[in-house]
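These notes are about the structure you will find just below.
Each reported figure results from applying straightforward, stated rules to the coordinates on display, with no laboratory input. As the structure is a prediction and not an experimental result, all values here were calculated from the model. With ideal geometry, Cβ positions are generated from the backbone for all residues, glycine too; neighbour counts draw on all protein chains shown.
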Amino acid sequence: MSSRSLVVSGLCVVAAVAGAAGLPRRGSERDRDASPVTGGATGEALVTRVVDGDTAILSTLGRSRFIGVDTPEVFGHRDCFGPQASAFTKRTLTGLRVRYEIGAEPRDRYGRALVYLDLPDGRSFNEQLVARGYARPLPIAPNTRYAERFARLARAASSAGRGLWSVCPA
């Protein structure tokens, strides 16, 4: 093989590898995040991975953010009670089949599906986060259907000193 042929072959291999590296894998989170979702749609999904306290990867939707709640951060900087909130979500949801409802606004600016999650026993996971003190309410219109309920649960959790309310400054 001539040196010119070797160079051309080498360039082809480099181009193929570089091109493939930039493409999303078939079935990857990135592929599913772009799938269309409709506000109000419901379905079932497997929680394949928990990202943090208020975000998980759902088998049918990809990266999904829980509506109406905000858990403390664990990435970039760790907020008070962030690791505990993330651990609770991981313990509760990882590998679980859940029901979801897409919010009136189906995706956020980061492309995540916006969801209300129900556990297999019918309890709302979004409510559980607030009631147990792992999250504060975060109403963002138009996804505010349960905002008053979340606010009541947060007041009760705060009064009882549950979760973040017992250790984090207001």
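For this structure, a couple of remarks:
- Test: residue in the range 127-137 that is touching a residue at least 12 places away in the same chain (Cβ under 8 Å), in contact with a strand residue (DSSP E or B) (Cβ under 7 Å, 6 or more places away or on another chain) and under 19 Å from Gly40 (Cα atoms): no
- Scanning the range 135-167 for residues that are among the polar types (S, T, N, Q) and more than 24 Å from Gly103 (Cβ to Cβ) yields a count of 3.
- Enumeration of residues in the range 57-80 that are farther than 15 Å from Val37 by Cβ, free of Cβ contacts under 8 Å to residues at least 60 places away in the same chain and of a type in the set (A, V, I, L, M): Val74
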